[in-house]
Amino acid sequence: MRAGGEHSQPTVGLEPQASFVMIMPPGWSRLPVRDADAALLAASIETIVDEALPSTLPRDSAEPWRAELRKRFTEATAEAREAGASAVYLPVRPVDGFSVPGSIIETEVDDDGIAPTADVVTELLRDRESDAQLITVDGATAVRTDTTAAKVQPSGDWPEVTTRQIVYTISVPHREGRWVVMSFSAVSADTASRTLSDALVLLFDAMMSSFRWVDVPGVEPGDLESRLAEIAS
């Protein structure tokens, strides 16, 4: 990933600052949402639709479902783009016939070093509304926050739910003021679904444990195959 241009205010959705890899479980897909990635996003959505509803199915009965899937993923990615994200990770296939109620938003932030890394970390750790922890992610300083909001009323006639959000705010090595933010959200409505949300949080933490920098600005480019082998081990 390459550094972006000069900015006087914090910005999101820039060119990536440092490349990384992360293992995703079966059934999940990373969908890029930047305007520059429109063609790749469209192709990714078509691949997902084709895998879920192959062309061998009768066109008359399958096409409305294909259109609905395209609409679902197009709306989800458009919402992420409007929020300044660079990508959204979604469960694109059911697991044992069950749709996973979770998503991950990837965002890149650049404040041109206006706020030193230590100041940003200190501010995040002071957040009294979330459980914040100072951690490292592949050697980079990071903060993990865990926030739960009860009795949230979604739009429409949906019942009140509890939302749980886990956010990893990760400093990009050797790039003061550059951050990668990975935000996981899960929704629950009762005790059983809260148990599922807790399990999904464990899944997200496991995914983040596989996060590895590949090409960090200012240092010798890494060998992707070596990094993937390290993750696998």
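Let me spell it out: the conditions are (1) assigned by TED's automatic domain parsing to the domain that holds L203; (2) farther than 30 Å from H174 by Cα; (3) polar (S, T, N, Q), and S55 meets all of them except one. Which number is the exception?
In the conditions (1) assigned by TED's automatic domain parsing to the domain that holds L203; (2) farther than 30 Å from H174 by Cα; (3) polar (S, T, N, Q), S55 misses (1) alone.
Quick one: is D190 surrounded by fewer than 19 Cβ atoms within 10 Å (Cβ to Cβ), modelled with pLDDT of 80 or more and among the charged types (D, E, K, R)?
In short, no.
For the stretch 76-95, does any single residue satisfy the condition of being loosely packed, with under 13 Cβ neighbours inside 10 Å and at pLDDT below 90?
yes
Could you go through the stretch 36-51 and let me know if any residue there is outside any helix (DSSP H, G or I), at pLDDT 85 or above and polar (S, T, N, Q).
Within the stretch 36-51, none of the residues are outside any helix (DSSP H, G or I), at pLDDT 85 or above and polar (S, T, N, Q).
Which of (1) under 21 Å from V214 (Cα atoms); (2) modelled with pLDDT under 85; (3) not in a loop (DSSP other than H, G, I, E, B) is the odd one out, the single condition R30 does not satisfy?
(2)
Return the total of residues in the stretch 68-105 being assigned to a helix (DSSP H, G or I), basic (K, R) and either under 20 Å from P25 (Cα atoms) or without any contact (Cβ under 8 Å) to a residue 60 or more places away in the chain (or both).
Number satisfying all stated conditions: 3.
The values are calculated or read from the model by the stated rules, or taken from the named source; none is laboratory data. Source: prediction; values computed, not measured. Note: ideal-geometry Cβ built from the backbone for every residue, glycine included; neighbour counts use all protein chains shown.
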